[in-house]
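Colleague: Sharing a structure here in structure tokens format.
The values are calculated or read from the model by the stated rules, or taken from the named source; none is laboratory data. Here the structure is a predicted model, which means the values were calculated and not measured. Cβ: placed from backbone, ideal geometry, glycine included. Neighbour counts: every protein chain shown. Remember, those area values only see protein heavy atoms, side chains included, never the ligands or the DNA or RNA. Shrake-Rupley method; radii C 1.70, N 1.55, O 1.52, S 1.80 Å.
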Amino acid sequence: MSFASATVIQLPVTLPALPKSYKAPAFKPLSPATTSKLLPAGSAFNSHARRILNQRSFEQDDEALRAEHLANGGNVVEETDEDEGLGDEEEDKLLLQSDPKQWKTQDHYAVLGLQSLRYKATDEQIKKAHRRKVLRHHPDKKASGGGSANDDSFFKCIAKAMEVLSSPEKRRQFDSVDSEVPDDVPEASETTASNFYELWTPVFDREGRFSIQQPVPVLGDASLSKKEVESFYSFWYNMDSWRSFEALDKDVNEGSDSRDEKRHAEKKNKAERAKRKKEDNARLRTLVDTALSVDPRIKQFKADEKAARDAKKKGGPTGAVDAKKKEEEEKAKAEAEAKAAAEAAKAAAEDKTNREAAKKAKAAAAKNVKKDRKAISAVVTANNYFVAAGSSPSPSVVEGQLSELDLLFGALEPEETAELKKEVEAEKDAAKIKAVIIAWVGKVTDKVGAGKFKEFA
């Protein structure tokens, strides 16, 4: 290959003479030159240099400074931060293997180590927990500790969790559908005058987080007046809730540019949100109806009003004698009822203990099922959704396999899900793992219906 040589062309250019009216500008004399010496300094640089020279991690350097300080006769002052444990909750293996692409299904509070606080966490506590998680899982820190700087999946999950929880609107959408917050309500049959406040106070405290008006009135105790109790139930029957269900919207298929399809998807999502909102309002009203029906204060108010009406009707001396006799009869009846109530309370306590044990066993089984499902999904993700090595799965393949896994999980019993997890984890080859899943799909085809599975057919 040959290149043509460059040709230089010189053009004669003559600058015009300055006009007679031109006057050169006057400049102030320059200040004398000075010499300054710049040195890398400061506590941050000193700490960085010390770690590099001694080849220490952040934790090792802190421990070495603590030991040196004690050796020199100094006292180590411990921080008394009430939020000292934020972000230090246990991180299980499945959590650390979370796929940032599936951020819509991740537990943002668990990612930041705020499981114990959840919706009660303040903005400041979220910031503290995020800062500590970033320091612990930053890719640069992994690289300095001998790990891979490219392994930043969980770090991306941390960033997404902070993005959601630091936005008031996104956090409300997540809190609205947070499945980790219990929503169980006491049965009317298990509520008595002695345990009513113990059972129902936490329920109204929990539901109050959805109220636009804050603070919400509390359930209180037997000392409240009739007006205060009626005001409490009036508030709950008319509570304006901010709870919404956008987080459960179904996404439009990726790659679709059809406006009609997007409008249709949005219309379906809007209808589904309205349906869920209506169901939630009905749930709250049923909850308040149940509490009102078993509230011992309401029963006492009605009894007092009836007694006052009866006394007013009778009146006079005879009425006074009858009222005294009735009072004695009611006293004897009350004593008998108290004795019967004590025996019933004892029996109810035993029954409650048995039911709580059964409830805990059921919750543990449900929790194990959830873990088993996550483990199976993690295996599928770890095997690159069964596509050829070196290539990336398309969004349709990822969405299809995850949707079919959800369909399979819904058709399996807890014991069957555990068995599927055991078989999947026993295989190391991707093809064999997929074959195991396909075999289980064949077992539930009759229950689910033919043609529902394509990726695992």
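Colleague: Among the candidates Ala375, Ala430, single out the residue that is of a type in the set (A, V, I, L, M) and surrounded by fewer than 19 Cβ atoms within 10 Å (Cβ to Cβ).
Modeller: Unique residue meeting the criteria: Ala430.
Colleague: In the range 276-310, what residues are more than 30 Å from Asp249 (Cβ to Cβ) and among the hydrophobic types (A, V, I, L, M, F, W, C)? Please lay out each step first, then the result.
Modeller: Here is the first cut: in the range 276-310, the residues more than 30 Å from Asp249 (Cβ to Cβ) are 289-310.
Scanning the range 276-310 gives Ala291, Leu292, Val294, Ile298, Phe301, Ala303, Ala307, Ala308.
Colleague: Cβ-Cβ under 7 Å, sequence separation 6+ or interchain: first residue in the range 265-291 and within 14 Å of Glu246 (Cα to Cα) and at pLDDT below 95, partner hydroxyl-bearing (Ser, Thr, Tyr) and open to solvent by less than 80 Å² (accessible area, probe 1.4 Å). Which pairs?
Modeller: Partner pairs satisfying both residue conditions: Arg273/Ser244.
Colleague: Go over the candidates Ser57, Ser2, Ser21 one by one and state the one that is open to solvent by 100 Å² or more (accessible area, probe 1.4 Å) and at pLDDT 85 or above. Show your work before the answer.
Modeller: Values: Ser57 fails: open to solvent by 100 Å² or more (accessible area, probe 1.4 Å); Ser2 fails: at pLDDT 85 or above.
Going through Ser57, Ser2, Ser21 in turn, just one is open to solvent by 100 Å² or more (accessible area, probe 1.4 Å) and at pLDDT 85 or above: Ser21.
Colleague: Quick check on Tyr109: is it among the aromatic types (Phe, Trp, Tyr) and closer than 14 Å to Gly87 by Cα?
Modeller: yes
Colleague: Another one. Look at Asp99 and say whether it is open to solvent by less than 80 Å² (accessible area, probe 1.4 Å), modelled with pLDDT under 85, within 30 Å of Lys170 (Cβ to Cβ) and among the acidic types (Asp, Glu).
Modeller: On the way: open to solvent by less than 80 Å² (accessible area, probe 1.4 Å): yes; modelled with pLDDT under 85: no; within 30 Å of Lys170 (Cβ to Cβ): yes; among the acidic types (Asp, Glu): yes.
Here the answer is no, as Asp99 does not meet what is asked.
Colleague: Could you grab me the full set of residues in the range 361-412 that are farther than 22 Å from Val444 by Cα, aliphatic (A, V, I, L, M), assigned to a helix (DSSP H, G or I) and free of Cβ contacts under 8 Å to residues at least 40 places away in the same chain? It would help to see each step written out before you state the result.
Modeller: If we filter the range 361-412 for residues that are farther than 22 Å from Val444 by Cα, which is where we start, we get 361-364, 367, 381-384, 387-396.
So of that shortlist, the ones also aliphatic (A, V, I, L, M) come out as 361, 363-364, 382, 387-389.
Next, only the ones that are assigned to a helix (DSSP H, G or I) stay: 361, 363-364, 382.
Correct list: Ala361, Ala363, Ala364.
Colleague: Starting from the range 230-243, take each residue that is within 13 Å of Gln214 (Cα to Cα) and list its partners that are part of a helix (DSSP H, G or I) and open to solvent by 50 Å² or more (accessible area, probe 1.4 Å), counting only C-beta distances under 8 angstrom and pairs at least six apart or across chains.
Modeller: Taking only residues 6 or more apart or on different chains, the pairs are Ser241/Asn281; Trp242/Arg172.
Colleague: Scan the range 355-390 for residues that are at pLDDT 80 or above and within 30 Å of Glu190 (Cα to Cα) and jot them down.
Modeller: At the first step, the residues of the range 355-390 found to be at pLDDT 80 or above are 368-388.
Hits for the range 355-390 are Asn368, Val369, Lys370.
Colleague: In addition: Quick one: is Glu337 surrounded by 10 or more Cβ atoms within 10 Å (Cβ to Cβ), modelled with pLDDT under 85 and among the charged types (D, E, K, R)? It would help to see each step written out before you state the result.
Modeller: Numbers: surrounded by 10 or more Cβ atoms within 10 Å (Cβ to Cβ): yes; modelled with pLDDT under 85: yes; among the charged types (D, E, K, R): yes.
Taking the combined requirement at face value, the residue satisfies it.
Colleague: Then there is this: Only one of these is surrounded by fewer than 10 Cβ atoms within 10 Å (Cβ to Cβ) and aliphatic (A, V, I, L, M): Ala49, Ala44. Name it.
Modeller: Details: Ala49 fails: surrounded by fewer than 10 Cβ atoms within 10 Å (Cβ to Cβ).
Criteria check complete, one pass: Ala44.
Colleague: Residues to consider are Asp351, Asp322; find the one that is under 50 Å from the mean Cα position of the chain (by Cα) and either surrounded by 10 or more Cβ atoms within 10 Å (Cβ to Cβ) or modelled with pLDDT under 70 (or both). Don't jump to the end; show me each part of the working.
Modeller: Details: Asp322 fails: under 50 Å from the mean Cα position of the chain (by Cα).
Selected residue: Asp351, the only one of Asp351, Asp322 that is under 50 Å from the mean Cα position of the chain (by Cα) and either surrounded by 10 or more Cβ atoms within 10 Å (Cβ to Cβ) or modelled with pLDDT under 70 (or both).
Colleague: Here's a follow-up. How do the pairs read when you match residues in the range 37-58 that are free of Cβ contacts under 8 Å to residues at least 60 places away in the same chain with residues anywhere that are of a type outside the set (D, E, K, R), using Cβ under 7 Å and keeping only pairs 6 or more apart or on different chains?
Modeller: That search, which allows pairs on different chains as well, returns Arg56/Ala64.
Colleague: Which is closer than 30 Å to Ala348 by Cβ and at pLDDT below 90, of Asp140, Asp183, Asp151? Break it down into steps so the answer makes sense when it comes.
Modeller: Details: Asp140 fails: closer than 30 Å to Ala348 by Cβ; Asp151 fails: closer than 30 Å to Ala348 by Cβ.
Of the residues listed, the single one that is closer than 30 Å to Ala348 by Cβ and at pLDDT below 90 is Asp183.
Colleague: Which of (1) more than 20 Å from the chain's Cα centre (by Cα); (2) open to solvent by less than 50 Å² (accessible area, probe 1.4 Å) is the odd one out, the single condition Val164 does not satisfy?
Modeller: The one condition Val164 does not meet is (1).
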